[in-house]
Amino acid sequence: MSLPNITLISFGYFEKDLLENTADAVKNEFRCSVNIKEGHVDLSEFFDQSRRQYNGNSLLKLVDSMSFPDSLKTLGLFNVDLFIPILTFIFGQAFLGGRSGIASLYRFNNERYGMTGDNQFLLDRFKKEVIHELGHTFGLIHCHNQTCVMRSSTYVEDIDQKNLQLCSNCREEIGI
Amino acid sequence: MARKISILIVDDEESVRDSLYNWFLEDGFRVECAENARKALTILESDQFDIILADIKMPGMDGLEMLRRIKSLKSDAIVIVMTAFATVDTAVKALKDGAYDYVTKPFDPDDLTHLIRNATKQISLTDENETLKKKVVSLENVEDLIGESDAMKDMLREVESVAQTNSSVIITGESGTGKELVARAIHANSPRKFFPFVSVHCGALTESLLESELFGHEKGAFTGAMYNRKGRFEMADSGSIFLDEIATISTKMQVELLRVLESKTFMRVGGNKEISSDFRVICATNKDLKSMVENGNFREDLYYRLNVVNIQIPPLRDRKEDIPLLVGYFIKKYCISMNKPLATIDPTAMKRLQEFNFPGNIRELENMIERAIVVGDGKKISLKDLPLEKTIINSSAESLDDFEKAFVLQILNKYSWNISRTAKALKVDRVTLYHKIKKYDLKPSDQ
């Protein structure tokens, strides 16, 4: 039986190492093959002048509309500040039990919070967010286990507290 | 396991509804959406939601009007109002109308998480509170009134129906029938059950002490009044006050009591501030209040004010079929409290108890069983453990022959049917004793 395929599609500039590292983490966690693709879209269409942020709902719909026949799940990767109308910002979002999601690197950089930049933190946070949103596409809801990657995180330090992996219950839930 | 919390989102903007819907779905809540207040109210008619998150500004009925309507239907509903245009006035208005919280759009993800977490905590505390209240009430009811007889069933039906009302009740019954238990049962089954049940034994207090006990006193009101003290009427606010032995109160107190019952206001002794209290009055007496009124010993107006409903507790001798049940209940109660293994009762002893008239009613039976458990062998209660011998003859004999039969049998049993010792105790000769045994057909098994 062939492994399910996950597509990570990047919009805007991303370092190659970061994308490959992230793809490896996803591959290890979901035991599937991962494709990295580049998306070419004019993001200014998704920019909201009044909030000076990018509309997460519209970007999610955009990713969902992109069809990759060999892919089970698709996750759009961004490097811009995302929002949804009701919240001041989001790190990412996904269709619960659907086939697509989005995640942004933008708010994971320490420098945004007045601290010294740290690439390892940046990478770890991004990988956790990507796995978290993919978990939602597999139908997982927020987990109450303190270290599970599916635990809800509303600020970066919160993300640092959890592991890169799903807990055993969440694994069992999706059969991996 | 905790139940799944449900959230209803009410907002005219589709993007807001969708965003919140997805957010809460990922958190594992049951979520539904309505695009306006009318639709939300229609949904709420057929479905219940723990949390309602509603926008204030909506076309047609606004969020505040919807909040008022929801609160009038379900006062404990948790409604959180949202608005894009924050003003202190609107926030205050929403909170005054019963909103749980007020948030300004857009909100920080962390604020939203905290808001919902707090509301969820509130819901689980309310659930837990309800569960505990149910447990407390059921325990109180189990403890309360024992009996399967028709007389008892009739009385319990009366208790049940009167409990739901706010009417004053007089409980009448002989001493020891359990008047306070009936009063407690009325309170425990009434809408006032979660508020105090305050009991006052009027007969045990002098007039001045009763006045201070009922109305409270201010510091310095009399010698020894070193502090302000709340009275029993004040303590019974929202609950019930039980006035036992109401027939013993003085004429002056009868006037005072009537005034308080009519106005539900009073002043503490030595005070000048009027205090109001919402209480229900339950009284008890073993006297015939009606004839006391006729004799001029009890005020007629107070009698009618108190005697809206009269519950009569039957004496134990009129419901002897309940005796085995009561005996079993008291054996269990005292064996547990004395940390002894559960004792049984000899059938002969039980038979004798059922023949006894119990002038002291259930209290007498209870004391008898307690004593039997203390003095007995701890395994089986037998006739010798029960203090029935001295009184049994008086209570059940209806003729001289009955009296003699019972008395001779009692002494025979006392001396284990030793004829010589029994005859000696009865101060008769053996032949006379044999004659009596034959006459009354007495046998050693007749205990």
**Message:** Could you check region B:81-96 and list, in sequence order, the residues that are surrounded by fewer than 21 Cβ atoms within 10 Å (Cβ to Cβ), outside any loop (DSSP other than H, G, I, E, B) and either at pLDDT 90 or above or of a type outside the set (S, T, N, Q) (or both)?
**Reply:** B:Val88, B:Asp89, B:Ala91, B:Val92, B:Lys93, B:Leu95, B:Lys96
**Prompt:** Looking at (1) within 14 Å of chain A (Cβ to nearest Cβ); (2) farther than 26 Å from A:His142 by Cα; (3) of a type in the set (Lys, Arg), which is the one condition that is false for B:Arg17?
**Reply:** (2)
**Residues that are within 16 Å of A:Glu29 (Cα to Cα) and surrounded by fewer than 22 Cβ atoms within 10 Å (Cβ to Cβ), drawn from region A:144-157** = A:Thr147, A:Cys148, A:Arg151
**Message:** For B:Ala99, only one of the following conditions fails: (1) crowded, with 21+ Cβ neighbours inside 10 Å; (2) away from chain A (no Cβ under 14 Å); (3) over 42 Å from the mean Cα position of the chain (by Cα). What is its number?
**Reply:** (3)
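The rows are residues; the columns are (1) over 18 Å from B:Glu245 (Cβ atoms); (2) out of contact with any strand residue (DSSP E or B) (no Cβ under 8 Å at 6 or more places or on another chain); (3) not polar (S, T, N, Q).
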{"site": "B:Thr285", "(1), (2), (3)": "no, no, no"}
{"site": "B:Leu289", "(1), (2), (3)": "no, no, yes"}
{"site": "B:Met292", "(1), (2), (3)": "no, yes, yes"}
{"site": "B:Leu302", "(1), (2), (3)": "no, yes, yes"}
{"site": "B:Asn310", "(1), (2), (3)": "no, no, no"}
{"site": "B:Pro314", "(1), (2), (3)": "yes, yes, yes"}
{"site": "B:Asp318", "(1), (2), (3)": "yes, yes, yes"}
{"site": "B:Val327", "(1), (2), (3)": "yes, no, yes"}
{"site": "B:Phe330", "(1), (2), (3)": "yes, yes, yes"}
**Complete:** Per the filter on region A:132-151, residues more than 14 Å from every other protein chain (Cβ to nearest Cβ) and either in contact (Cβ under 8 Å) with a residue 60 or more places away in the chain or of a type in the set (Val, Ile, Thr) (or both) are A:Thr147
**Prompt:** So, of the residues in region A:69-92 that are surrounded by fewer than 21 Cβ atoms within 10 Å (Cβ to Cβ) and among the β-branched types (Val, Ile, Thr), which turns out to be farthest from the other protein chains (Cβ to nearest Cβ)?
**Reply:** A:Val80
**Request:** Quickly run through region B:216-233 and pick out the residues that are modelled with pLDDT of 85 or more and either closer than 23 Å to B:Ser167 by Cβ or acidic (Asp, Glu) (or both).
**Result:** B:Gly231, B:Arg232, B:Phe233
**Item:** Unique match (being over 16 Å from the mean Cα position of the chain (by Cα), among the polar types (S, T, N, Q), within 14 Å of another protein chain (Cβ to nearest Cβ) and over 16 Å from A:Asp160 (Cβ atoms)) among A:Ser104, A:Ser50, A:Ser100
**Value:** A:Ser50
**Message:** Here's a check for you: in region B:80-96, which residue that is among the hydroxyl-bearing types (Ser, Thr, Tyr) and more than 14 Å from chain A (Cβ to nearest Cβ) is farthest from A:Asp158 (Cα to Cα)?
**Reply:** B:Thr90
**Item:** Counted residues, region B:9-48 - those being touching a Leu at 6+ places or on another chain (Cβ under 9 Å), more than 23 Å from A:Gln93 (Cβ to Cβ) and surrounded by fewer than 23 Cβ atoms within 10 Å (Cβ to Cβ)
**Value:** 5
**Request:** Can you tell me which residue among B:Asp385, B:Asp377 is surrounded by fewer than 14 Cβ atoms within 10 Å (Cβ to Cβ), modelled with pLDDT under 90 and over 23 Å from the mean Cα position of the chain (by Cα)?
**Result:** B:Asp377
**Residue check, A:Asp64 farther than 24 Å from B:Lys105 by Cβ and within 13 Å of chain B (Cβ to nearest Cβ)** = yes
**Request:** Would you point out the residue of region B:415-447, among those that are out of contact with any Lys or Arg (no Cβ under 6 Å at 6 or more places or on another chain) and of a type in the set (Ser, Thr, Tyr), that is farthest from B:Pro347 (Cα to Cα)?
**Result:** B:Thr432
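The values are calculated or read from the model by the stated rules, or taken from the named source; none is laboratory data. Here the structure is a predicted model, which means the values were calculated and not measured. No Cβ is skipped: glycine too gets one built from the backbone with ideal geometry, and neighbour counts run over all protein chains shown.
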